[in-house]
Amino acid sequence: MEEKYHAHQIELKTQKLWEENQSFAADYDASKEKFYCLAMFPYPSGKLHMGHVRNYTIADVIARFQRKLGKNVLQPMGWDAFGLPAENAAIQNKIAPSDWTARNINEMKSQLQRLGFSYDWRRELTTSNPDYYRWEQWFFTRLFEKDLAYKKTASVNWCETDQTVLANEQVIDGCCWRCNNPVQKRDIEQWFIRITSYADQLLDDLDHLDHWPEQVKTMQSNWIGRSKGISVKFTTEDDHFIETFTTRPDTLFGVTYLAVALEHPISIAATDKNPEIARFVSSLNKTNNSEEDLATMEKLGIFSGFYAQHPLTQKPIPIWIANFVLMDYGSGAVMSVPAHDQRDWEFANKYSLPIKQVVEPNDNSLCDLKNGAFIDKGTLINSENFSGLNFSSAFEAIAEELQKKNKGTKTTNYRLRDWGVSRQRYWGTPIPIINCKSCGAVAVPEQDLPVILPTEVEFKGVSSPIKSMPSFYETTCPKCGILAERETDTFDTFMESSWYYARYACSSDKTAMLNSEVNYWAPVDQYVGGIEHAILHLLYARFFHKLMRDEGLIESSEPFNNLLTQGMVLKDGSKMSKSKGNTVDPQELIDRYGADTVRLFSMFAAPPEQSLEWSDSAVDGANRFLRRLWRLVVAHVEGGGDEGDLSNYDNLTSDQKNLRQKTHETIIKVSDDYERRQTFNTAIAAIMELCNEIARFKSENSTDRRIAGEALRSSVVMLEPIVPHICHYLWKYLNFGSDIEEASWPEPDKKALERETIEIVVQVNGKVRTRIKTPPEISKESLEEMALNEDNVQRFLEDVTIRKIIVVPKKLINIVAN
RNA sequence: GCCGGAGUGGUGGAAUUGGUAGACACGUCGGAUUCAAAAUCCGAUGCCCUUAAAAGCGUGCCGGUUCGAGUCCGGCCUCCGGUACCA
């Protein structure tokens, strides 16, 4: 055995062995309990960054731990290969997106292999490969036929100078990131998938996700935003209706104006009539489509000149055009109650609109509407014959009255909007639709799939090359045969990442999207990924799973049983990203210390769910521990080793008992940390403590060596999921050449855990005054007596009376006195 | 703005169900070893007073519940993530 630890040498040797033995290939085996462990696959942006290393190490630790428990573990890896950065690289560096992507995949794959992750590489998939996206296209045509996919106009960010659509992140302070010219909104036809039809299921099924973090479920629940209310109709002067939704029908008599979106028919009629309004509206048309900008921008509006009739009072209500009302969301109109809604209150004050109080606090206390709206539920006033009612009776009574007059109905509303999947970009899955002048939108027939995205392209300017490529879009209508044009838009890349986890079960099947093996592997037992995906990716994947279930492709209803959301790796206080230029290259660390040190460091630095502020200084310590561990094993083996006999542990000295006790306490602690708590940092700390004790322990005879050997073997096998290469070697030395990959998780020996004395904390009035050693089974009375006899307890009991004594068994005793 | 988190020594973090605040590391300081250095080993290390012991203070801020609060409740502050076309 080498005296010194040479990381690179043993890591490369071990990795070669794993590859030769196909150590991590996982196949269907009904006789074995399966465990499907998955980390979110990467976008191949160039090189791995620390966020990847953290993500993939966490998942690999769990996968390797589950193998030690004897399960049939599948851990696959692939590439979320479509996306915007490839196009930016193409424009900047004159390289085709497919070449750029392939190059990055190569680079990142070799980095993943160098880190020793236990993947079944036979199942690798790449979403930009037609073998993958053809099934996405096929599935979309199924949705289209079921009317779950449809087309409607929606607004995008348009840069007139570059003649292109911009993503929200490409709009900076209302201007294009490339040319810095102001961005406008533009309405175009786009494809949507009816996620709102699944809103109830997506919300209600959250209750069954017992092993998801509460915070993620709360965020998804708020995002879906189911609310019960009433849709109220206001009649316009030309006898049309303006529909508004409210969760507060009890405030209906307080409506003093309506606000409609810039694109609402009323606004269009007003701009046609009045050039002043037209100027105002076009001046507001510059904002970006993001919710954040919409919520924080200055709320502006203008009176449209039109009135609507209040459904119950029949009084005329002025209609205002306002920039904060969204046409894409709900009906594009809201009823405004400035007395009882803060946003309405601010708008009303700004434009001197009337504020009419119709609810008062239940305790009749005064509320001053000069300082803000009164938004609590209370008792109705100024509301004709509804005055005096509380919220819930007013809700019912007003709903009934509106229903009777045909002016409103009870409705459930969702904050969730349908999923817009069209992107006006090149590097994505072509939408498999042909637009025919006589038949309309026609799905590409199954036998004509896939619609292949041409990869030999050149970027002239910034717009998608396939939009100016007749060889791509010119075709004939599958229904009537006349000349027609393909969709040149591509899918949102969230489409690919919504079903890849299922495709791993059969990634090379050319005959079907999913086959029956998916029902063995799915659902994923452990999904690991960044908290930044808590809403969008995870909600779309849950939705897609239900769509696939309803298409008969999969049996389960949810894709991920256990979810671990890792915190971000931050540098200088914010998310590491290429655009911010604050990435740390893990390759330098691997070159310097080896993969095991990088893995150990990233698991030790913080618990997985917490964000981790990057620091280079602690890496050295991780490497020091591995060298120390190596030396401990060398010293043990060179000092005579042991026979691995675990049978006889009678008549031990107290040092021997103490080490055995520590070993088995550590096994219990580490098992719990790995399995239930998933806090690998504390598991490592516990093993470090055990190793510190081993180092202090003097092995002088064969019994000593057996006990030290047991402690070392336990440490090594429990570290294997985190630092598998070094443990592979150390295990061989400690176990006469056997392979650690075949070893199972250690079992604690209850007999080793028995203690002769324990320490009890003694408090007086909640402050620790001393600690006493007692046998574990001591009566309450004798414990109290012992505590009261302590000098440092007596001191604090002078001139006071003992009121009571609280005893927490085996922990503490608190004497309350005054 | 809205939704979800986080805040503990010089630093990363620990304290699992309301019960010993600071485990385990990093760093720093002191010592051993060495011709010297690296590596390694031993010791000290929240603040304050102190020769020492003991006491006092201390988990972002203010207040509350409790015998007892880092942990629970109310109100703030700061930072991070998401906010539907970044992935």
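Going by alpha carbons, how many degrees (0 to 90, nearest 10) lie between the helix axis of A:654-672 and the longest principal axis of chain A?
Rounded to the nearest ten degrees, it is 20.
Using the number of other C-beta atoms within 10 angstrom as an exposure proxy, rank A:Arg178, A:Arg771 with the fewest first. Let's see the in-between values first.
Numbers: A:Arg178 15, A:Arg771 11.
The fewest-first ordering by Cβ neighbours comes to A:Arg771, A:Arg178.
Along its three principal axes, how long is segment A:243-283 when you only count alpha carbons? Whole Å, largest extent first please.
Over segment A:243-283, Cα extents along the principal axes are 38, 17, 16 Å.
Where does the Debye-calculated log10 I(q)/I(0) of segment A:512-658 sit at q = 0.14, 0.16, 0.20, 0.21 Å⁻¹, using only Cα point scatterers of equal weight, no solvent?
-0.91, -0.98, -1.18, -1.25
Under a point spin-label approximation (7 Å from Cα along Cα-to-Cβ), what is the A:Asn792-A:Ile381 distance to one decimal in nm?
About 6.4 nm, to one decimal.
Could you please rank A:Glu124, A:Glu446, placing first whichever residue has the fewest other Cβ atoms within 10 Å of its Cβ?
The most exposed by this proxy come first: A:Glu446, A:Glu124.
Restricting to DSSP loop positions (anything but H, G, I, E, B) with no more than 15 other Cβ atoms inside 10 Å of their own Cβ, which trypsin sites (Lys or Arg not before Pro) remain in segment A:731-766?
Answer in residue order: A:Arg755.
Can you run the Rg to Rh ratio on segment A:142-290? Use alpha carbon positions and the Kirkwood inverse-distance Rh. If you can, show how the numbers build up before the last one.
Details: Rg = 20.1 Å, Rh = 19.5 Å.
Taking Rh as the inverse mean 1/r over Cα pairs, Rg/Rh reads 1.03.
When only Cα pairs under 8 Å and 6 or more residues apart are kept, what is the percent relative contact order across segment A:99-197?
Over segment A:99-197, the number comes to 24 percent.
Based on DSSP H runs of at least 4 residues, each adding -39500 (n - 2.57), what is the mean residue ellipticity at 222 nm of chain A after dividing by all its residues, to the nearest 500 deg cm²/dmol?
-10500 deg cm²/dmol
At 20 °C and 1.002 mPa s, what whole-number value in µm²/s does Stokes-Einstein give for the translational diffusion of segment A:641-712, with Rh from the Kirkwood sum over Cα pairs?
Using the Kirkwood radius from Cα pairs, D works out to 167 µm²/s.
Starting from 0.36 nm per residue, how many nanometres of slack lie between A:Ser197 and A:Asp550 once their C-alpha separation is accounted for?
Stretched fully, the A:Ser197-A:Asp550 segment lengthens by 125.8 nm.
For chain A, what is the charge dipole size about the Cα centre, in debye to the nearest 20, if Lys and Arg each add +1 at the Cβ and Asp and Glu each add -1 at the Cβ?
Computed charge dipole of chain A: roughly 740 debye.
In nm, to one decimal, how far is the A:Asn362 label point from the A:Gln163 one, both placed 7 Å along Cα→Cβ?
6.4 nm
If you line up the Cα atoms of chain A on their principal axes, what length do they span on each, largest first, in Å?
Taking the Cα atoms of chain A, the three principal extents are 102, 84, 49 Å.
With respect to the cross-link table entries A:Lys32/A:Lys68; A:Lys13/A:Lys71; A:Lys47/A:Lys467; A:Lys669/A:Lys750; A:Lys370/A:Lys410; A:Lys273/A:Lys350, which display a Cα-Cα separation exceeding 23 Å? All intermediate terms of the calculation are to be shown ahead of the outcome.
Working: A:Lys32/A:Lys68 14 Å; A:Lys13/A:Lys71 26 Å; A:Lys47/A:Lys467 31 Å; A:Lys669/A:Lys750 13 Å; A:Lys370/A:Lys410 32 Å; A:Lys273/A:Lys350 25 Å.
Pairs exceeding the cut-off: A:Lys13/A:Lys71; A:Lys47/A:Lys467; A:Lys370/A:Lys410; A:Lys273/A:Lys350.
How fast does segment A:103-151 diffuse by Stokes-Einstein, in µm²/s, taking the Kirkwood radius from C-alpha pairs at 10 °C and 1.306 mPa s?
Values: Rh = 13.5 Å.
Rounded to a whole number, D works out at 118 µm²/s.
Just so you know, all these numbers are worked out from the coordinates, no wet-lab data involved. Only a predicted model underlies this, so the values are computations on that prediction, with no experimental measurement involved. Positions of Cβ are generated from backbone atoms using ideal geometry, with glycine treated the same way; all protein chains shown enter the neighbour counts.
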